[in-house]
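Just so it is clear, none of the values below were taken in a lab; they were calculated from the coordinates. Everything quoted here is computed from the prediction, not taken from an experiment.
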């Protein structure tokens, strides 16, 4: 790989990465409203990874005011209450890596670069409401139990939690309401390609927990896992 990592301030590569999350993830009203500000106000905190001329990854962060407590609302908190006041900490929002470059160590490189950005701006640490990669395979397992699953070598069962921990990240607590997405039955059918004939709980592909339908409206409350990283030298 001829890898280069640039900030958005150095080069605007918007639109060069494919959408890698399920369609319903684009409909959290807090995230979708705040998202443009990440690039407009915090251009120095957003990263692009290039392999040659190809954009292969992006990573977004947000300076937040954090009191050391694991906020239950996770990502939604970071983009509302966390974004108010003088920032103390850097919050990792998302890391996107194209399939061809997963498992290459790029994720760890990006996490370390995020930590370096935090240090360069005088922030105290890097925190993240992590979306566990394999939780979608276990939507009925509570996040409080899932985050405790370990392999025989002692590392987390989940590969994304494992990546964080391998480079020094520490699991804090679950963020049981990190994102909340609601939509009418017709909207969920468009987002997922499924049908939801009656009210009740439905297991939806790539959702970490079931979607609950009541009176024709579906509500998805996504749990994440709060992790904290020390600061690394660049």
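Taking all pairs of distinct Cα atoms, average 1/r, flip it, and tell me the Kirkwood hydrodynamic radius of the range 73-192 in Å to one decimal place. For the range 73-192, inverting the mean 1/r across all distinct Cα pairs yields 16.2 Å. Using only alpha-carbon positions in the range 150-213, the gyration tensor eigenvalues give semi-axes of 33, 13, 10 Å once each is multiplied by 5 and square-rooted (largest first). Against the main long axis of the alpha-carbon atoms of the chain, helix 106-120 sits at an angle near 60°. The convex hull drawn around the Cα atoms of the range 1-83, when projected onto a plane and averaged over every direction, covers 6.5 nm².
Over all orientations, the range 46-99 has a Cα convex hull whose mean projected area works out to 4.6 square nanometres.
Stretching residue 155 away from residue 121 to a fully extended chain increases their span by 9.1 nm, per 0.36 nm per residue minus the current alpha-carbon distance. Cα centroid separation, the range 163-199 to the range 23-90: 17 Å. Radius of gyration (Cα atoms) of the range 18-134, expressed as a multiple of 2.2 N^0.38 Å: 1.05. If you wrap the Cα atoms of the chain in a convex hull and average its projected area over all directions, you get 13.0 nm².
I need the semi-axes of the equivalent ellipsoid of the range 108-162: take the C-alpha gyration tensor, multiply each eigenvalue by 5, square-root it, list largest first in whole angstrom.
Details: eigenvalues 150, 31, 19 Å².
Values for the range 108-162, descending: 27, 12, 10 Å.
The angle separating the long axis of helix 29-41 from the principal Cα axis of greatest extent in the chain is about 20 degrees.
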